[in-house]
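Below is one structure, written out as structure tokens; comments come after it.
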Amino acid sequence: MGDSPRRRSDYYTAWVSGMLFPLHERFKGHASVKVRKTMERSQWLSPEQIVQGQLDGLRQLLSHAQAHVPYYQKLFDSVGLAPNDMRSLQDLQGLPLLDKEKIRANLDTLRADNARNLTRFNTGGSSGEPLVFYIGKERVSHDIAAKWRATRWWGVDIGDPEIVIWGSPIELGAQDRLRSLRDYLLRSKLLPAFEMSGQKLEHFLATIRRLRPRMLFGYPSALSHIAQYADRKGVEMNDIGIQVAFVTSERLYDDQRRQIGATFGCSVANGYGSRDAGFIAHECPAGGMHITAEDIIVEIIDAEGRVLPHGEAGEIVVTHLASGDFPFIRYRTGDVGVLDDKRCACGRGLPLLREIQGRSTDFVVAQDGTIMHGLALIYILRDMPQIRAFKIVQETLDFTRILIVTASGLDQADASHIVAAFQSRLGKHVAVKIEEVSEIPAEKSGKFRYVVSKVTVPAEQ
């Protein structure tokens, strides 16, 4: 009797994960296999042991920066810092914060003088002004290992069939023959998230059904958009064996989690990170958002840059311990979140993020200066079943636009209700303009953003 298709798939996955991908990583000069195995042991250490490991890693990073990074040589001299004087992670607060403006102004002096084979990256950012920075092979190896470890938490592995719905031009522009062959062998299919027309969505659903992936990976907005389309068209997608949908790069809303999970018949695993800051946290099956503490130190700060205690919301600041070639030390992400001091039920000693509330541009500012999350406006529109899609754009403190897609139009009573509800939150003198459109295009990145505020909020000051 021959092996079942599932058993043959397991054999192939084991070969890819245990042999092919490690060979690929060795060829590229990455230590990701060794780092992942180390992380799979260290995740079970006690919180105290993990903090000690972070402190050791921090001293090594600061010593390296003092010896090889001109920007930090000058900075450490100015603040009188000696890396070996670091007695606790709290001593990190003696260093100034790093932000995008400082990176733009000091790009060359932030590179280590002994760095080799750096890769240049360019991100658009919420302001539209690109951020250029560099990443070395050590950082790449650790980021790959962090994502790989989190993938395995969910009973899937590299080599299991995967569909990636993504919009980054870095990935989409790199689909040469060699990369296409690699993705074919790894059973990973990349679908561009830039265009979500009906024809494209039909193609996406057909491709997912044909390839029968064990995992999906993409923006939560894009995956929920595809799921909503499948539901509207009556296309069953919960019978093809998808085990987990990994979502990242945006805030995951509760209704998106429910939509993706129900339509595709799978678990939904949240991930938090960015190309500049690294893979910061991943969700485990017990529901904890575990910080990749072997690589990342997370601080939460208020608008004045003061570190906040666990349980209070503020801007997320990260120090990436594997970024010696181009150090990210106390880097302001522009994201808002809350740290947790509890242990996860899974038993891992890794610290937790209790909440990731989104980017500071996901927040809006009322006329009286009150800062509120975009959810305060989102829920007004989500409670109206005739609205299929929407986007809120806060142009100024005095003017907000709402793009709306409906099935059969919006009557005057509904329009008046929306305007009144928005004014009750933003201010009674705010001009609210409703624009009914046939579709709402994705951002250039391929993401679908519910709220875009062009008003500066304190988290980015």
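The values are calculated or read from the model by the stated rules, or taken from the named source; none is laboratory data. All figures in this text were calculated on a predicted structure; none of them were measured in a lab. Neighbour counts are summed over all protein chains in view; Cβ atoms, including those assigned to glycine, are modelled from backbone coordinates with ideal geometry. We work out accessible area using only protein heavy atoms, side chains counted, and drop any ligands, DNA or RNA first. Shrake-Rupley method; radii C 1.70, N 1.55, O 1.52, S 1.80 Å.
A few remarks follow.
- Accessible surface of the chain, 1.4 Å probe, proportion on carbon and sulfur as whole %: 51
- Label zone of Gln367 (point 7 Å out along Cα→Cβ, amide N under 12 Å): in the stretch 381-401 this covers 397-400.
- Note on the chain: helix-only mean residue ellipticity at 222 nm, from DSSP H runs of 4+ residues weighted -39500 (n - 2.57) and normalised by residue number, equals -10500 deg cm²/dmol.
- Taken about its Cα centre, the chain carries a charge dipole of about 1500 debye when Lys and Arg each add +1 at the Cβ and Asp and Glu each add -1 at the Cβ.
- Note on Cα Rg over 2.2 N^0.38 Å: of the candidates [x] 1.06; [y] 1.01; [z] 1.38, the value calculated from this structure sits at [y].
- Extending 7 Å from Cα along the Cβ direction at Thr123 and again at Leu211 yields two label points whose distance is 2.5 nm.
- Computed E for Trp15/Arg275 - FRET, C-beta separation, R0 25 angstrom, nearest 0.05: 0.25
- Evaluating 6.51 cos²θ - 1.76 cosθ + 1.60 at θ = phi - 60° for every residue in the stretch 86-99, the Karplus couplings come out as 5, 9, 8, 5, 5, 5, 4, 5, x, 9, x, 6, 10, 10 Hz, glycine and proline recorded as x.
- Multiplying the residue separation of Ala389 and Lys37 by 0.36 nm and removing their Cα-Cα distance gives an extension gain of 122.4 nm.
- Computed lengthening from Leu89 to Leu23, 0.36 nm per intervening residue step minus Cα-Cα distance: 20.1 nm
- Counting only DSSP beta bridges whose two residues both lie in the chain, roughly 60 percent are antiparallel.
- In this rough spin-label picture, where each label sits 7 Å from Cα along the Cβ direction, the Asp340-Ala262 distance is 2.4 nm.
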